[in-house]
Amino acid sequence: MSPADLFRQRLAECPLVAIIRGVTPDEVEAVGDVLYAAGIRIIEVPLNSPDPFSSIARLAALFGDRALIGAGTVLQPEQVAQVREAGGQLIVSPNTYTAVIEATVAAGMVSSPGYFTPSEAFEALRAGAHALKLFPAEAATPAVVKGQRAVLPKEVPLIVVGGVNPANMKPYLEAGADGFGLGSGLYAAGRTLDEVAAAAEAYVDGLSRQ
């Protein structure tokens, strides 16, 4: 299965990406369990978390091919190899640095760079990106998504990230978004497992009401 197909498959199972910034290796498996139980099948450990490669390795070992595990806030191409060595298959960045995208594609991993303008989106696609992360969505209305969707390739998943809550997803979906990245609304350092589980369930339930 190609990286693009793998991403689309997991996104079809649940169009939510869990961004668990600040998670520690000691808690990551328990956090992963509650996210998976809620239905989430894509989990991203930002590299500015404590010992992120250990957390990625633990999640990759825990879930195997049942979930797509990867890294976020990937800023340098050499980090791509470190994520792959840990067992990760997904590389997410906050920008469209082509060296990171190209390294990801060369490694046979899923590339989902962050962008904000159509120019950035097409630069990322030329470098081989498999999906696009619209970030920060707090500054991008559903009307912006609709306008960009008029020119972006339909087959490329568009993930909205930033300020997403269970009540505001519908307008983005109607405008052409394919999924959402969930950060502090889902997980934050120090949050209990019960709180993470409740937040995850609220987001998944929110999708069913869209």
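The values are calculated or read from the model by the stated rules, or taken from the named source; none is laboratory data. If you're wondering where the values come from, they're calculated on a predicted model, not measured in any experiment. Here the Cβ positions follow ideal geometry from the backbone for every residue, glycine too, while neighbour counts run over all protein chains shown. Heavy atoms of the whole protein, side chains included, go into the accessibility calculation; ligands, DNA and RNA do not. Shrake-Rupley method; radii C 1.70, N 1.55, O 1.52, S 1.80 Å.
Computed values, structure above
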quantity: For segment 117-210: span of alpha carbons on each principal axis (Å, largest first); calculated: 42, 26, 22
quantity: Size of electric dipole in segment 24-120: Cβ of Lys, Arg +1 and of Asp, Glu -1, about Cα centre, debye, nearest 20; calculated: 220
quantity: Size of charge dipole - the chain - debye, nearest 20, with Cβ of Lys, Arg +1 and Asp, Glu -1, no other charges; calculated: 580
quantity: Furthest towards positive pole of dipole, L62, F7, N95, structure part segment 7-102, Cβ charges; calculated: F7
quantity: Under the Karplus curve 6.51 cos²θ - 1.76 cosθ + 1.60, θ = phi - 60°, whole-Hz ³J(HN,Hα) for segment 164-169, x wherever Gly or Pro sits; calculated: 7, 9, x, 9, 10, 7
quantity: Accessible-area composition of the chain, carbon plus sulfur, in percent [1.4 Å probe]; calculated: 53
quantity: Solvent-accessible heavy-atom area per residue, rounded to whole Å², over segment 6-154 at 1.4 Å; calculated: 39
quantity: Segment 60-210: relative contact order as a whole-number percent, Cα under 8 Å and 6+ apart; calculated: 15
quantity: Residue-by-residue Karplus 3J(HN,Hα) for segment 66-82, coefficients 6.51, -1.76, 1.60, Hz, glycine and proline x; calculated: 7, 8, 9, 10, x, 10, x, 6, 8, 10, 10, x, 5, 5, 4, 5, 5
quantity: Cα-centred dipole magnitude for segment 86-210, charges only on beta-carbon of K, R (+1) and D, E (-1), debye, nearest 20; calculated: 260
quantity: Distribution of pairwise C-alpha distances over segment 1-66, 10 Å bins, in %; calculated: 22, 53, 25, 1
quantity: Integer Hz, Karplus 6.51/-1.76/1.60 couplings in order for segment 108-113, x for Gly and Pro; calculated: x, 10, 7, 9, 9, x
quantity: Relative contact order of segment 146-210, pairs being alpha-carbon contacts under 8 Å that are 6 or more residues apart, as %; calculated: 36
quantity: Cα-based Kirkwood hydrodynamic radius, segment 23-115, one decimal, Å; calculated: 12.9
